[in-house]
1. Between 0 and 90 degrees, rounded to the nearest ten: what's the tilt of helix 523-532 against the longest Cα principal axis of the chain?
2. Suppose all protein chains stay in the model; what accessible area per residue would a 1.4 Å probe give for the stretch 305-463, in Å²?
3. Give the Kirkwood hydrodynamic radius (Å, one decimal) of the stretch 119-175, defined as one over the mean of 1/r across all pairs of different Cα atoms.
4. What accessible area per residue comes out for the stretch 667-769, rounded to a whole number of Å², with a 1.4 Å probe?
5. Which whole-number value in Å² is the accessible area per residue of the stretch 538-591, probe 1.4 Å?
6. Simple spin-label model, 7 Å along Cα-to-Cβ: Asn553 to Ser759 in nm?
7. Measure off, as a whole percent, the carbon and sulfur share of the 1.4 Å-probe accessible area of the stretch 388-500, all protein chains present.
8. Give me P(r) over the stretch 246-295, computed from all C-alpha to C-alpha distances, binned every 10 Å, as integer percentages.
Amino acid sequence: MKKRSILMGLCLTASLACQTSKRAENAKYVNPFIGASTSVGDAGVYHGLGKTFPGATTPYGMVQVSPNTITGGDNGSGYSYEHTSIEGFAFTQMSGVGWFGDLGNFLVMPTVGPLKTISGSLESPDLGYRSRYDKKSEKASAGSYSVFLTDYKVKAEATAAPHSGMLRFTFPANDSSRIQIDLARRVGGTSTEQYVKVLNENTITGWMKCTPDGGGWGNGDGKADYTVYFYAEFSKPLKNYGVWSANIPDGTVRKREEVLGKAYQEWVADAAVSKNVKEKQGKHLGFFTEFKTTQNEEVLLKAGISFVSMDGAKNNLTKEINDWNFENVQQQATELWNQSLSKVEVEGGTEDERKVFYTALYHTQIDPRMFEDVDGNYIGGDGKAHQSKAFTKRTIFSGWDVFRSQMPLQTIINPTLVSDMINSLVTLADEKDKDYLERWELLNAYSGCMIGNPAVSLIADAYVKNIRNFDVPKAYQLAVNSVEKFGNGDKGYTTDGFGISHTLEYAYFDWCVAQIAKGLGKTEDVNKYSKRGQAFRNIFDPEKGWFRPRDKNGNWEPWPAEGRLKQWYGSIESNAYQQGWFVPQDVDGMVALMGGKEKVTADLLTFFEKAPDNMMWNDYYNHANEPVHHVPFLFNRVGSPWLTQKWTREICKRAYLNSVEGLVGNEDVGQMSAWYVLAASGIHPITPGDSRYEITSPAFNSVVLNADKDKRFTIKANNNSAQNIYIQKASLNGKPYNKCYIDYKAIMDGGELVLEMGSVPNKAWGLEK
């Protein structure tokens, strides 16, 4: 039986209620508002804050029913906490992305009074159907969201199942109440074509086609090209319904800025409204149903979503939500979260720390989301329907971010998901007739976002950990092809504007190929890619004592007046100081180049001590972005494990808070939160592709990994507190342990690591090789 069948069984059986008492109810600690802001003002830079969404979803679910406050801009989640009006509740969302976002499809809004066909704006909400809302009424939990829309005096509530969702609206007494659905709506642009059909007096179906011409991911540069199918039922019969259709002139540019522009908005505001239309296809459609309501009358909408077909959407809904019991769907969503969050159990810490921890774990369980229907059908990279075999098709692989912490976390608590993701990427290459792996996959798009070959790291990390439930020969060949296509080439370095970032990251991914080659007995490849893994040496300038980009002739690029603090100097989204620490495959070699352990330790201390107290975007240790996420653990490798303990506890305390501004940088599809889950548990890798996890100071008295399995691994921190952050001594399964690292196999075999904590560093602990 496939995993999704088990999941659906859990979703739909009455046995959930009796299971609840047997499992820790960790969902109660989830605060979906953590990170739910895109505010540039609060972040101080254009990158914004967490960019998460607060709406309802289920673990790795295909559907997310969430409020949307904005359509355009660098705002992938469609929501920002400080916005004062809501334009609707969409059934698909992205989580924490930093590029111009996508999804935000099937936007549903309850309204009263005259019909309006545009959403209006944050500055002028009255121009459209959006509504101001009572901030104090806004509530969110794992699987649930509610808010009071003050302009319409409507209470809106949302919940979700894995492939479907439900909205409940409590209306005032009004002769012109309405539910309207903007079928053209899409975060970062518009769907370019829509279709809707009334099937009976309670049901509509249809689709929205989203192409790069309509903006979306990267404002079209991300190449997202997908169709969302829906099947929606209304609890109140369709008696007075209709469609609005905007006359968008042929040849109109339909990307983000144009869609939000004055001319386009006027076309939508002047859309033709047709009553009782049974079927319609067009460039910019919306559907509405009007009815009379009594005071506090509840009207519900439920919808199944599919990326395959309208029949698939219908099947998804009928299999998951077969009645109008909103509380039951909500309870099932919460129980799915309790089940999923029970993979890790923590004891100790403050109430806020437990909320931060379980919200972080929650955020790591949104993506990579399932991308197949309940029957296993999914849309492939070739645009055709496929049946998944022995794996669950997944999507949204934020490669450059998640190879560092998110996927190494999943190798411990959810290894099946890791093999699912690899299978999804490998089959995608076949379906798209590509001979290399995508670095940032979204809904089958080879978007090419960011740099490097992160899928190679994913495969190598899985392979060395014996997670191999995928076509290993094919995956290996794709990994080889990827590093050959995107790499340092014959020169042994890359000469474009991001020469430091590219050269260092390509060298690491070459090394990753060598790790798979070792297991496959490919000696020639081991030698070849191990040697290429040393390419970092080709851009180290002994005179400057640091990495420096070269031009195409091999000459050093001019050294800036700011030195290695110059943002974007040979480095993407970073400076040379931040990017230069990225030699995870040969830390000893890097340290030797930099002048030895003592000099590197002093430099690392400067790097951390000059970071601002709030850990926001800065030129030193910049936790807001991924290139430095492994750096706190380098102290373990230079003979000062106590400094890893000190600084990871500092980062956990200063960069993660139980507040909307509780993430100092973009969530990045689970990466930011996964760093916290691992570090707060007391372990974190430096080098995915190696089975070593660094040991650090846990934020809790006890952390149990794989708590839902027979082979549980417990990390106990005796005498732990906000002051007692230093490891004095340790034992593993009852025997003294003086290593500052532990192997993946030891974790997966189960057991107990006991750490005795104190307020003064024990500089002798953890030095054993």
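The values are calculated or read from the model by the stated rules, or taken from the named source; none is laboratory data. Being a predicted model, the structure only gives us computed values, none of them experimental. Neighbour counts run over all protein chains shown; Cβ positions are idealised from the backbone, glycine included. Note: accessible area is taken over every heavy atom of the protein model, side chains too, but ligands, DNA and RNA are not part of it. Shrake-Rupley method; radii C 1.70, N 1.55, O 1.52, S 1.80 Å.
1. 90
2. Here the residues of the stretch 305-463 average 26 Å² of exposed surface.
3. By the Kirkwood definition, the hydrodynamic radius is 12.6 Å.
4. Ligands and nucleic acids excluded, the result is 37 Å² per residue.
5. 39
6. In this crude label model, Asn553 to Ser759 measures out at 6.3 nm.
7. Carbon and sulfur atoms account for 45 percent of the accessible area of the stretch 388-500.
8. P(r) over the stretch 246-295, rounded to whole percents: 20, 44, 24, 10, 2.
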